[in-house]
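Here the structure is laid out as structure tokens; the discussion comes afterwards.
The values are calculated or read from the model by the stated rules, or taken from the named source; none is laboratory data. In this text the structure is predicted, and so the values were computed from the model without any measurement. Reconstructed Cβ throughout: ideal geometry from the backbone, glycine too, with neighbour counts over all protein chains shown. Note: accessible area is taken over every heavy atom of the protein model, side chains too, but ligands, DNA and RNA are not part of it. Shrake-Rupley method; radii C 1.70, N 1.55, O 1.52, S 1.80 Å.
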Amino acid sequence: MIDAARITENGKVLEVDHNAATLRFHAIWLRDNSPTADTRDPGNGQRLITMANLPLDTVLTAATSDGETVNLGFAPDHSCSFSADWLVENAYDQRPRATVGQLPEKAEAWDADLNTDVPSGSYPSLADDPTARAAWLATIRKYGFAKVTELPIEQGNLFKVVDLFGYVRETNYGRHFEVRTEVNPVNLAFTGLGLQAHTDNPYRDPVPTLQVLSCLENSADGGENMVVDGFACALRLQKEDPRGFELLSKYTARYAYEGSSDVALHSRRPMIDLAPDGVLQGVRFNSRSIAPLIDIPFDDMADYYAAYKRLSDIIDDEAMEVTFKLTPGEAFIVDNTRVLHARKGYSGEGYRWLQGCYADKDGLLSTLRALENSL
Ligand code: FE2
């Protein structure tokens, strides 16, 4: 409900009173968001005008409200009505501004305490029950990872996980890749060594935003999987070493992979990626793929390395890690823009075979929102 609506600043601003607050809207913003059929397609909601149709001197000429609806007239010639609810929901006046290091909406930072409650979904119910699927996708939005259990134990079952929300992203490693011991590994991921927690493929831009790893055999000793929340690590660095956090977010790092003659992947991105308003939007961390860091001024390089090492120590701290051993028929998915994954070393006794693939987070979030809208 809106208590009153009035035009101010010679038609350039609309003020509405709502719950003892006054919310201001610019005339050009209102005109741009006009819900009329000649401004937005009623079917798909897409905007039908361009900025060429929006004079900067657009002003309001009339404003009336019955509490539920606000009716507006504009010059140049236009008129439309907004619901009070829509205006309140989309108000930008007095909206709290983001702070540096703020988590994205609906994300929650976590550490080893989450070991007692590892997010997980059973494949048959994820496939059959939209409510269970939405709940599982929401845990990925919240924590950046989740397990899947009770998959059919067969090659390619990781694609069934991707089919729950979207599409595979193919790379030079193929539509999927095998993770098991190889005699002549082209990549350290395919040996029995333990790996430090990392995000995959930081040398791509954009990175593969999701990774699925599915277990087909796991009789080797060790080889547990481990995940670490890159956002939680970045926030801990910000608390313990604010300047270090600033350096890792302010300067671009470089990453590269040229593991075979037909591949030369390079990227240039900060280790801690912040939106312009300071909201955390990504962490890239992979010591195997770091390239010479040449975008940091000489005077800041020593401090930058100190911060890089501090972040690495935080990532290696067991207090940050969630660990689980996959059995055949189990898989996990990570948000590769945020959550680091690792595996403990495993011995030659027995055998460990996982299949991995990449997929896109925007598709997952889209499927989740659409499910939430329909449920
Ligand atoms: Fe990896």
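To keep it simple, each residue is scored yes or no on (1) touching a helix residue (DSSP H, G or I) at 6+ places or on another chain (Cβ under 9 Å); (2) modelled with pLDDT of 95 or more; (3) buried (at least 16 other Cβ atoms within 10 Å of the Cβ).
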position: ASP17; (1), (2), (3): no, yes, no
position: ALA27; (1), (2), (3): yes, yes, yes
position: VAL59; (1), (2), (3): yes, yes, yes
position: ALA62; (1), (2), (3): no, yes, no
position: ASN71; (1), (2), (3): no, yes, no
position: PRO96; (1), (2), (3): no, no, no
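When the stretch 123-137 is examined, which residues are found to be in contact (Cβ under 8 Å) with a residue 12 or more places away in the chain and open to solvent by 30 Å² or more (accessible area, probe 1.4 Å)?
Those that are in contact (Cβ under 8 Å) with a residue 12 or more places away in the chain and open to solvent by 30 Å² or more (accessible area, probe 1.4 Å): TYR123, PRO124, ALA127, PRO130, THR131, ARG133, ALA135.
For the subset of the stretch 328-352 comprising residues that are more than 16 Å from the ligand (Cβ to nearest atom) and modelled with pLDDT of 95 or more, which member is farthest from THR149 (Cα to Cα)?
Here the answer is PRO328.
Taking the options ASP277, ASP299, ASP313, ASP303, name whichever one is open to solvent by 20 Å² or more (accessible area, probe 1.4 Å), assigned to a loop (DSSP other than H, G, I, E, B), modelled with pLDDT of 95 or more and away from the ligand (no atom under 16 Å from the Cβ).
ASP277
Only one residue in GLY356, GLY363 is more than 15 Å from the ligand (Cβ to nearest atom), in contact with a strand residue (DSSP E or B) (Cβ under 9 Å, 6 or more places away or on another chain) and closer than 25 Å to GLY174 by Cα, so which one is that?
GLY363
Considering only residues that are modelled with pLDDT of 95 or more and open to solvent by 40 Å² or more (accessible area, probe 1.4 Å), look in the stretch 280-290 and name the one that is nearest to LYS106 (Cα to Cα).
Only one residue fits best here, namely GLN281.
Going residue by residue through the stretch 248-266, is there one that turns out to be at negative phi, assigned to a helix (DSSP H, G or I) and touching a residue at least 24 places away in the same chain (Cβ under 8 Å)?
Yes - at least one qualifying residue is present in the stretch 248-266.
So which strands (runs of 3 or more DSSP E) stay within the stretch 87-185 end to end and still have 3 or more residues that are hydrophobic (A, V, I, L, M, F, W, C)?
Those strands (runs of 3 or more DSSP E) span 145-149.
When you look at PRO328, is it free of Cβ contacts under 8 Å to residues at least 40 places away in the same chain and either open to solvent by less than 30 Å² (accessible area, probe 1.4 Å) or under 16 Å from LEU213 (Cα atoms) (or both), yes or no?
Here the answer is no, as PRO328 does not meet what is asked.
Filter the stretch 331-363 for residues that are open to solvent by 30 Å² or more (accessible area, probe 1.4 Å) and among the acidic types (Asp, Glu); which is farthest from GLN102 (Cα to Cα)?
GLU349
Among all residue pairs at least 6 apart or on different chains, which show Cβ distances below 8 Å where the first residue, located in the stretch 36-64, is under 16 Å from SER81 (Cα atoms) and the second is among the aromatic types (Phe, Trp, Tyr)?
Correct list of pairs: VAL59/PHE74; LEU60/PHE74; THR61/PHE74.
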